[in-house]
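Okay, so here's the structure we're looking at.
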Amino acid sequence: MKMLPALGLVFGATLAMAMNVPTLVTEKTATKVWTPDSSQPNNYRDVTAIVESGNYECDQSQMDCLVEFSNDNPATGTPNILSEGEFIQL
């Protein structure tokens, strides 16, 4: 009986810690959006401004339309495909 308050305190502290576990989701570091373009040195063209203005569409073809890179550098970054299709500027 003497240990009941201590046991309650330990249980409460454990529960409080479990409720405050930080999420393991990494923050997004990519800020630019790219589209494949073989005429560019790195085979990708920066289309961030076009995408932000909404003056584009991606058709139904089987290729990458919009891609972001983990470090905003197509030469060294890890690609993340945002949408598929062929990029068409309107």
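The values are calculated or read from the model by the stated rules, or taken from the named source; none is laboratory data. Source: prediction; values computed, not measured. As a convention, Cβ positions derive from the backbone with ideal geometry for all residues, glycine included, and neighbour counts pool all protein chains shown.
A few comments on the model shown:
- So LYS2, is it modelled with pLDDT of 90 or more and either surrounded by 11 or more Cβ atoms within 10 Å (Cβ to Cβ) or assigned to a loop (DSSP other than H, G, I, E, B) (or both): no
- Taken residue by residue, the stretch 63-80 has at least one member that is exposed (fewer than 14 other Cβ atoms within 10 Å of the Cβ) and touching a strand residue (DSSP E or B) at 6+ places or on another chain (Cβ under 6 Å).
- Pairs, first outside any strand (DSSP E or B) in the stretch 55-80, second among the hydrophobic types (A, V, I, L, M, F, W, C), C-beta under 7 Å, six or more apart: ASN55/LEU90; ASP59/ILE88; SER70/ALA30; ASP72/ALA30; PRO74/TRP34; GLY77/PHE69; THR78/PHE69
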